[in-house]
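Below is one structure, written out as C-alpha cells; comments come after it.
What follows draws every value from the coordinates through simple rules; no lab data is involved. All values reported here derive from a predicted model rather than from experimental measurement. FYI the Cβ positions are ideal-geometry reconstructions off the backbone, even for glycines, and counts take in every protein chain you see.
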Amino acid sequence: MRAVQVKEFGGPEVLVATEQPEPVAGPDQMVIDVAAAEILFLDIQLRGGWGRDYFTVMPPYVPGAGVAGTVRSVGGNVAPGWTGRRVIAGTGPSGSYVGGGYAQQATVPAGEVFEVPDGVALSEALAALHDGLMALSQIEKAAIGPGERVLVTAAGGSLGAWLVPLARAAGARVVAAARGEHKLEHTRRLGAEDVVDYSEEGWTARARQATGGAGVDVVFDGAGGRIGRAAFEITAPGGRFFSYGAASGGFADIDADEARRRGVTVVGIRDAIAPEAQGRLLEQALSELAAGHIGSLVGRTFPLEHAAKAHAAIENRQTIGKTLLLA
Ligand SMILES: NC(=O)c1ccc[n+]([C@@H]2O[C@H](COP(=O)([O-])OP(=O)(O)OC[C@H]3O[C@@H](n4cnc5c(N)ncnc54)[C@H](OP(=O)(O)O)[C@@H]3O)[C@@H](O)[C@H]2O)c1
C-alpha cells in the first residue's frame, strides 16, 4: 500500500510517497481503508522539526493524526461487527502524536474509532474529529452569553469554520479576523457580522470599533504570535482569551499577572479539552453535522501522493477551511 513519509525534518519536499507492507490489526486495533486523511497545522509544524520537547515522532515517519474510511479488519479483542462500517478515527490517543494517517490503510486504536452517521459525508465527518471537538470544547468553556462580542483569529481556517457559526448560534456578535478579502468573504458566509484583515495596520482599532468601542468579551486565538497578542490588547475586563493557536510561529505571549490585573481569564492549549469530555463532544460535533447546523467545512483536497503540495499550500496561506488528502 502507498503511504507518505516524512524522510527528514524540513520543508514540504521531505514528504515522499513510499510503498509499505499492508498493516495487520493488533488485538485492540482496527485497520481502516482510508478514503481521506486530515492535515492538521501541527503536521506542518512537526514536519519542520518544531515541538521536539513535547512530541516524539522521528523521521522517517508517516504523518497524519486522523482518517476517514471503512473498517477493513479488526483485532481479536474488537467486535467483528465493526468491519465494513463508515468511520472516522484518530491514529493515536488524543494529546499524543502517533501519525500513520497519510496512507491507504491506517492502524488505529479501537477506542479512537467513531461511526459516521448516515447522511454525513466522510470528508465532513473527518473535520469533526479534531476541529469540531476542539471548537465545541472552547465554545463550552467560553459560556458565551447573548450579545457578547467574540473575536475569532485565523477565522478562515479549519477551526474558524466551526467557531464562527457555533459562536453565532450561542448568541454572540462575531468579528472574524483573517488575511485577505477571499478569506474574509468566506467568514462572512460562515456568519461573521464584522470582518477585519489583520495583515493591515490598525486592525485592532477596527475590531474594537466593530464592538462599539468596548473591546471583545471572548477571543478564540488560532493565529497566536503578534496577532494573538494584539487581540489580547482589545479583550475587555472580565473577558476570556483562548490561546490554542500558534499558526503565525508561536502562541500569543501573555503575562499571567497582566491578565489577572485586567480581569481576563486565559485558557491555554493544555487545558483545551478535558479528556473525559472528548467522546461526548465528538458525538455532539457529528450531531451538528447530521442536523445540518455546520457544513461546507472542507476547502481543498489533494491526492495522497501530493501531500507536499498540500503542506506548501497551507504554509503559504492559500487554503480555506479544512484541507484533506484523498487516498
Ligand atoms: N484544528 C485543531 O483541532 C486544533 C487543535 C488545537 C490547536 N490548534 C491550533 O490552532 C491553530 C489554527 O488551527 P486550524 O486547524 O484552524 O489551522 P489551519 O486550518 O491549518 O489554518 C491555519 C490558519 O492560520 C492562519 N495563519 C496565521 N498566520 C499564519 C502563518 N504565518 N502561516 C500560515 N498560516 C497562518 C491562516 O489564515 P490567514 O492566512 O488568514 O492568517 C490559516 O487560516 C493552529 O496553530 C493549530 O495548531 C488546532
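Here are some notes:
- Measuring r between the beta carbons of LYS7 and THR265 and using R0 = 30 Å, the FRET efficiency lands at 0.10.
- Euclidean distance of C-alpha centroids, the range 290-318 and the range 1-70, integer Å: 16
- Straight-distance crosslink candidates among lysines, where the alpha carbon sits under 17 Å from LYS183 and sequence neighbours closer than 8 are dropped: LYS322
- Within the straight-line cut-off of under 15 Å between alpha carbons, the aspartates and glutamates reachable from LYS7 are GLU19, ASP43, GLU305, sequence neighbours fewer than 8 places apart in one chain being disregarded.
- Of ALA161, GLY171, GLN209, farthest towards positive along the dipole that unit charges on Lys, Arg, Asp, Glu beta carbons give the range 130-271: GLY171
- The Cα trace of the chain gives Rg and Dmax of 19.6, 61 Å, the first to one decimal, the second as a whole number.
- Dipole magnitude of the range 130-271, debye to nearest 20 (Cβ charges: Lys/Arg +1, Asp/Glu -1, about Cα centre): 180
- Computed magnitude of the charge dipole of the chain (debye, nearest 20; Cβ of K, R +1, Cβ of D, E -1): 400
- Three-way shape call for the range 169-296 based on the alpha-carbon gyration tensor, with the a/c threshold at 1.5: oblate
- Ranking MET134, LEU151, PRO63 by Cα position along the charge dipole of the range 32-154, where only Lys, Arg, Asp and Glu carry charges on their C-beta atoms, puts PRO63 farthest toward the positive end.
- For the chain, the 222 nm mean residue ellipticity estimated from helices alone, with every DSSP H stretch of n ≥ 4 adding -39500 (n - 2.57) and the total spread over all residues, rounds to -7500 deg cm²/dmol.
- Qualifying trypsin sites (Lys or Arg not before Pro) for the range 206-279 [loop in DSSP, other Cβ within 10 Å: at most 15]: none
- Separation in nanometres of the label points that stand 7 Å from Cα toward Cβ, at SER287 and TRP50: 3.4
- Axis of helix 181-190 versus longest Cα principal axis of the chain: the two differ by about 80°, to the nearest ten degrees.
- Against the main long axis of the alpha-carbon atoms of the chain, helix 278-290 sits at an angle near 80°.
- At full extension, ARG226 and ASN77 could sit 48.8 nm farther apart than now, given 0.36 nm per residue minus the alpha carbon distance.
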